[in-house]
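The next block holds one structure in the form of structure tokens; read it before the comments.
Since every read-out is calculated from the coordinates, none of them should be taken as a lab result. Keep in mind the model is a prediction, meaning the values are calculated, not measured. Quick reminder, even Gly has a Cβ in these numbers, built from the backbone with ideal geometry, and neighbours come from all protein chains shown.
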Amino acid sequence: MPNGLARAAIRFKPSAFVGTFVALMMAAMIVSACGILLETGARASVPPTRYADAPVVAAADQRAHFVAGSGDSRSESATPLPDRARIDNSLVKKAGSVPGARTAVADVTFPVQSGGRSVTAHGWGSTSFTGEKLTAGRAPQPGEVVLAAPGASVGERTTLTTADGPRDFRVSGTVRAADGAPTAWLADSDAVRLSGHPGRIDAIAVLPKDGVTDDALKSQVARALGTKADVHTGDDRSEAEGSEVAYAQEMLTGIGGSFGGIATMVAMFTAAGTVALSVGQRAREYALLRAIGTTPRQIRRTIATEALLVAPLAGAVGVLPGIALAGWWFGQLKEKGAIPGGLDLSVSFIPLVSAVGAAVLTALLAGYAAARRPSRIRPGQALSESSVERLRFGWIRTPLGIAAAVGGCVFAGVASSLTGDDAANAALGIVMLFMLAVALLGPLVARGCAALFGLPLRGAGASASLAAANSRTNARRLASAITPIVLAMAFSSTLVFMHTSEDRVAADQQREGITADHIVSASGAGVTSDGVTKAARAPGVTSAVGLLKTSVLVPVGSGGDRWLESASTQGLTGSSRDLAKVQDLDVKAGTMASLGKGEIAVDAKLADSAHVRTGERMTLRMPDGTKASPKVVATYGRGLGLSQVTLPSTDLKHHVTSSFSSEIWTKGAAPAALTSLGTLQDREGYATAQSTDRQVNAWANAVMAAVLGGFAAIAAANTLVMTVLDRRRELGTLRLIGSTRRQVMRMVRWEALLVAGAGIVIGSAIALATLVPMMNGLTGESPYIPPLLYGSFAAAALALGLAATALPARAALRESSPSGA
């Protein structure tokens, strides 16, 4: 049961617990928001659309599984595929012959072109579960097509351009499409043959006999197909429709897990510091309690009871804005197309209870740690230490803090000698270790800052000199105020300037690497090989190549810590000689004079991350997950701005849904003929459009920086207000000995400037120590820090420090006038 002392402390001195309440509430908000996103990612599922009326669906796994290491260090990761994985057509017969199956239908979807328009093609058998009905004519036979297009009529001839070239078909029937989009249905055998993936299909829809349950049929189909396909029912059928759900799961679990882990640790650590500050500010009370005979156990029990009274309420209040934050974040991701529209936010009791429990546990541990010494020392010593801050440092915190600082320096040295993602991964440990060192060595760091920054203050007048002396004498109080500002500067700067650095390098590489005069961005399915030939033969065009834009998965990392990373890819239609005229890739090693079948050119940084050189074979996964080992014939330096991987489109087109070129790059004049192939842009317009896309991709980093920076800023303001309000007696004494209100306020402002300046310098140093090796490994360049953006961060920290001290100081001075002090 809560003891009366704790209840009395909260009842009669609620202001002493306001700062603790705010810190724990904000921590619960961060934990609950990230937990909700993590749970949503773990449970992500959307209702199927295409397979809504197909009770059982068999399809390939839409993730690439990668095993690294062996034995105890063996690890397996699953990465969503850039394009659809497919299964063998021969499995249709097996699935349809199981007990309980009425029929099994091979489903295939691929783009074709008709009269310059993009048309979606299917096999006619899919209408058995999609429900389209003929409005005229009959079902297609080989060489025939059923169309859902304005103006189509039975008996006419039409030309459909497929991956293998143009084909003539007779229109055997017409259908009114549900969504009004141009659609074509071929005979099932034609659809499988002309899809660009001969012998491979998207999925198998299995329809049951009357009275057969979905689960029973799923069991039979799974037994028949074994490991050759995954079998789905219910909402899991959406996984057979592509990788959208897998990408959403990866993004949400990444935000909720990876970022959430860092954010939770920062939130808990900051809240613990606030709780410790609150306990430390009541050292005089505990000393008096010890002097009148209170036992150490009673003091610890009192602090624990206070935590149990404040923390659950703070956590319960914090989860409400946490739910709102998660909902806003989730809605923004959905609006930007990062997650499917049919996916809903999952809010259960698990992350909410976890957030409240984390707040309670943090308050208990921090309170016990802070009360450990005042509850154990002798009463007389307690009274003396409550009046003057002790100078010696803890035997546990100091060695741990020194070890963290040394570890950060070692990681920085290791990261500077690595390249690619190895450097980036090593750099991530730098910021965490240095932040841990600052938190553990807070009083030492604060005293050093007070000595360093206090030197110029000593000659700036009485108020500034008094501020320097106060900072040196009250190092623990100063450390509590500096740490949140360091957090805000370090994490926000790292997240934001990582993007500005990559964006700057990408923009420079684009500006130097795009030598084409004009670029045609295809609409719809893309541009056929005939379209590329037409562009190359147009009057005024001296060179033209088609580029199929997609991504491949490349194993990167070292030793047992390896994973599949998505790399931007361009498939070349045309000669590598013409490619050199429209793109300056800055070849570093090898040659791209004749990029042939089974050969590949890669970005030099990607090659370093994958540990391959020219002349060696590079193991990778094609967009549909197929394993391949092309020979590396060249490495180049401008992959970040152009494409990280270049290979012939003939090696790529059977592994993507659309084998048409995404873009045509031309050299020479731009005739009117090019405008019929798509959107025509010059090199400046194309680069600007790509920059806009990068800005959209950087939104997630900006939100993470805002969440962490905003939390740290509020924690800093909360801590500063707590420290100033705790100094009412000190400020009143200054007024009693003759200091004017202006002099006292000037002293407080100098202290705020010292705190903010120290936090800005230390936070910036940590961010720089992280960014330099990270960007050197990722881009080979130094980090780019826009002066105005950095200046706004520093100005915000200064304004926060001044506002969070000036306002409570004025209030404290009004309460402690010379007559009342």
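Hey, fewest Cβ within 10 Å first, where do Cys34, Cys409, Cys449 land in order? Let's see the in-between values first.
On the way: Cys34 28, Cys409 15, Cys449 23.
Ordered from fewest to most neighbouring Cβ atoms within 10 Å, Cys34, Cys409, Cys449 come out as Cys409, Cys449, Cys34.
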**Cβ-placed point charges (K, R +1; D, E -1), dipole of the chain about Cα centre in debye, nearest 20** = 3880 debye
**Prompt:** How far is the Cα center of the stretch 575-610 from the Cα center of the stretch 507-562, in Å?
**Reply:** 13 Å
**Complete:** Taking the dipole of the chain about the Cα centre (Lys, Arg +1; Asp, Glu -1; charges at Cβ), the one of Gly637, Ser75, Thr740 that reaches farthest to the positive side is Thr740
**Message:** Apply the Karplus curve 6.51 cos²θ - 1.76 cosθ + 1.60, θ = phi - 60°, to the phi angles in the stretch 705-710 and return the couplings in whole Hz, x for Gly and Pro.
**Reply:** 4, 5, 5, 5, x, x
**Request:** List the pair-distance distribution P(r) of the chain, using every Cα-Cα distance, as the percent of pairs falling in each 20 Å bin from 0 up to the bin containing the longest distance, rounded to whole percents.
**Result:** 13, 37, 29, 16, 4, 0
**Complete:** Computed over the chain, the relative contact order (Cα-Cα under 8 Å, seq sep at least six) in percent reads 16 percent
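Could you please report the charge total around Val154, scoring K, R as +1 and D, E as -1 over all other residues with beta-carbon less than 13 angstrom from its beta-carbon? If you can, show how the numbers build up before the last one.
Numbers: positive: Arg138, Arg157, Arg170; negative: Glu144, Glu156.
With Lys, Arg at +1 and Asp, Glu at -1, the neighbours total +1.
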**Three semi-axes of the equivalent ellipsoid, the stretch 231-374, Cα gyration tensor, whole Å, largest first** = 45, 13, 12
**Message:** Let me check against my output: what whole-number percent is the relative contact order of the stretch 523-677, with C-alpha pairs under 8 Å and at least 6 apart?
**Reply:** 35 percent
**Prompt:** What residues have an amide H closer than 5 Å to that of Ala203, excluding those fewer than 5 places away on the same chain, when H is modeled at 1.01 Å from N in the peptide plane?
**Reply:** Asp107
**Fill in**
Beyond 23 Å (Cα-Cα) in this structure, taken from Lys597/Lys667; Lys94/Lys653; Lys549/Lys597; Lys93/Lys627; Lys93/Lys209, we find Lys597/Lys667; Lys94/Lys653; Lys93/Lys627
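Suppose only helical runs count, i.e. DSSP H with n ≥ 4. What mean residue ellipticity at 222 nm does that imply for the chain under -39500 (n - 2.57) per run, divided by all residues and rounded to the nearest 500 deg cm²/dmol?
So the calculated ellipticity at 222 nm is -18000 deg cm²/dmol.
Before anything else, pin down the relative contact order of the stretch 223-358: Cα pairs under 8 Å, at least 6 apart, normalised by residue count, whole percent. Could you put the intermediate results ahead of the total?
Numbers: 32 pairs, mean separation 43.8, N = 136.
Computed value for the stretch 223-358: 32 percent relative contact order.
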**Prompt:** According to a simple spin-label model (label point 7 Å from Cα along Cα-to-Cβ), what is the distance in nm between Ala42 and Ala139?
**Reply:** 4.6 nm
**Fill in**
In order over the stretch 405-411: 3J(HN,Hα) from phi, Karplus 6.51/-1.76/1.60, θ = phi - 60°, whole Hz, x for each Gly or Pro, gives 5, 5, x, x, 5, 5, 4
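Take Phe110, Phe169 and order them by how many other Cβ atoms sit within 10 Å, fewest up front. Walk me through the intermediate numbers first.
Numbers: Phe110 25, Phe169 22.
In increasing order of surrounding Cβ atoms, one gets Phe169, Phe110.
Can you give the extra length, in nm with one decimal, that the chain gains between Ser189 and Arg741 once fully stretched, where that is 0.36 nm per residue apart less the Cα-Cα distance?
On the way: separation 552, 0.36 × 552 = 198.72 nm, distance 9.06 nm.
Answer, rounded to one decimal: 189.7 nm.
Give me the percent of Cα-Cα pairs in the stretch 144-236 that sit more than 16 Å apart, rounded to a whole number. Don't jump to the answer; show the numbers that get you there.
Numbers: 2871 of 4278 pairs.
Here the long-distance tail beyond 16 Å is 67 percent of all Cα pairs in the stretch 144-236.
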